[in-house]
Every structure is written in structure tokens, then in C-alpha cells.
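J.: Have a look at this one before I ask anything.
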Amino acid sequence: MGALGRVAVIIGYEWRRAIAKKKILALIILAVTFQALVMIALSQVGTGVLSPYGFGMSSLIWIIGVLEGQGLFVQLIAIIAAGGSMSEEYEHGTADILLSKPITRLEYLFGKFLGGFFLLAMVEALTTVVGIILSLLLFGAQNGLEFAPLMFLAIVYSSLVFFSLSFMCSEVFRGSTLAMLIALGVFIASIVINGILIYLPSMSDLIKVIPTWAASSFPSLVMSKLVTGFGTADTNALVQASIIIVVYAIIFVLIAAYRLVNSDVSKKTG
């Protein structure tokens, strides 16, 4: 079996391990439920409530349905799935067993990372489909649905930031609770700081290095570029967000790889 085959085995193992966690399944149910409640509420009050924000076209409401589905709950799923990915293997004593097999540490790391991230992408595919179905059922025919696959890819790409952050914390601290709390703390702090800086014009450049800015802005910026009637396209902001996402992801994964390669793999820690 070659390197790709060994990575694929770890990906399959990670899928089974993550799906077995009831808290992830609970968050998926909450995400879809919240998405449905928002769309039902909009159908009752009308899309006019969104007009102050530059959005009042019911034929494009599917974009709102898809975007709000990738907000809080999907980021929490990313943090929880990645936060326990590496650390739980140390806590349960299985990391020592897995790495005693004919597999390199980097193959193990990338298999774990890709397995968790592909699972997250499946959740995001689910919320995307649910958002589209709800918009069709509640608001009728929709325009621009041909861009839904690109929307999905934009959402997946934007989720790299906090998934990678939580994955790094999982390996660096080797404690699932601590890793999740740190990643969640960064997520909440980023939201708060972003909310403060948005009212300070002199800090307009600084806001773009806050993790939540790129993670939350990238999908909407993509749609602004593709769909007429949805916001105003800002090419510079789109390019900046895409670069910031990949830079954060690379830094976090490299730190995790350095930690794994250059430290002992301890036996059961909890």
C-alpha cells in the first residue's frame, strides 16, 4: 500500500470516529433546525425586512438560506470535529498504537486532517441543499441556482480557518477540551473585536486580519461577484479574504506538523 492508500485508510478511520461522536450529530441537527426556523420566519414577515441591508429580492433568498446555514453552528462543528481529532488519540492511548503501524507521522496527520475536513464539507453540503430546498418551498422559483456549487465551494474554503486552528490546538495541547475551548475563545474574541473595529474607520485595514472577517466574508464576496442583485462586488476584498484564509490554514497546519514530527508520542494522557 502506497502513501495515498495509507492516508485514505486514516481518512476512513477519522470519518468513523467523528461520526460516532453524538455531540457533532446534535450540532448538525441544531444547524439544520436553526436554518429552517430562520427561513420560515422570513417567509412569514417577508423579505422586506432585509431591505435596509441591501437585500430584498425573494428570488435570491436561497443565498441567505445557504449563508446563514454556514454561520455559528457549522463553525462550532468545525471546532469540535478538529478539536478532538488529534488530542483524543492521545487521551485514549490510541495514538501510540496507530503510529506503531507502517505509516509516517505526516501521513497520519494529513489523513486525520483531510478526514475531518471532508466530513465538515459533507455537513456544509447538507446545509447548502437544505437552504436551497427551503427557499424553493417557501419563496418559489429562485434565480442564480447555477452558482450553488460555487457557493458551496466558497463555504468549504472559508471554513478552513477555524478548522485548521482547532486542529492545531488539538495537536499542540493534546487535550480535546482545552483545544476546543481555545479555538472557541479565539472564535468568540474575533467576533467581538470585529464588531468593535467595524465602527472605527481608522482600523479598516486591521479588521481584515481578524480570522472571522475572512471566514465570514469570503462566501458573500464570491456571490457578490457572481450574482447580479446581491450586494456590490469588491474584487480587492475577495482576493484579500482568499489569501488570508489560505495563509492562516497553512500556518496552523505547519505548526501542528512540527509539533507531531518533533515530539514524543505519549501514551494515554487522560
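The values are calculated or read from the model by the stated rules, or taken from the named source; none is laboratory data. All values derive from a computational prediction rather than experimental measurement. Backbone-built Cβ (ideal geometry, glycine too); neighbour counts: all protein chains shown.
J.: Quick check: anything in the stretch 35-46 loosely packed, with under 14 Cβ neighbours inside 10 Å and under 22 Å from GLN75 (Cβ atoms)?
T.: Checking the stretch 35-46: at least one residue is loosely packed, with under 14 Cβ neighbours inside 10 Å and under 22 Å from GLN75 (Cβ atoms).
J.: Looking at (1) crowded, with 21+ Cβ neighbours inside 10 Å; (2) free of Cβ contacts under 8 Å to residues at least 40 places away in the same chain; (3) not aromatic (Phe, Trp, Tyr), which is the only condition LEU153 fails?
T.: Among (1) crowded, with 21+ Cβ neighbours inside 10 Å; (2) free of Cβ contacts under 8 Å to residues at least 40 places away in the same chain; (3) not aromatic (Phe, Trp, Tyr), LEU153 violates only (1).
J.: Look at the stretch 139-150 and say how many of its residues are crowded, with 18+ Cβ neighbours inside 10 Å and in contact with a Ser or Thr (Cβ under 6 Å, 6 or more places away or on another chain).
T.: Selection size over the stretch 139-150: 2.
J.: Among the listed residues GLU171, GLU124, GLU146, GLU107, which satisfies the condition of being out of contact with any helix residue (DSSP H, G or I) (no Cβ under 8 Å at 6 or more places or on another chain) and of a type outside the set (Lys, Arg)?
T.: Residue meeting the stated conditions: GLU146.
J.: If you don't mind, another one. Out of the residues in the stretch 7-21 that are among the aliphatic types (A, V, I, L, M) and more than 14 Å from MET122 (Cα to Cα), which is modelled with the lowest pLDDT?
T.: This residue is ALA20.
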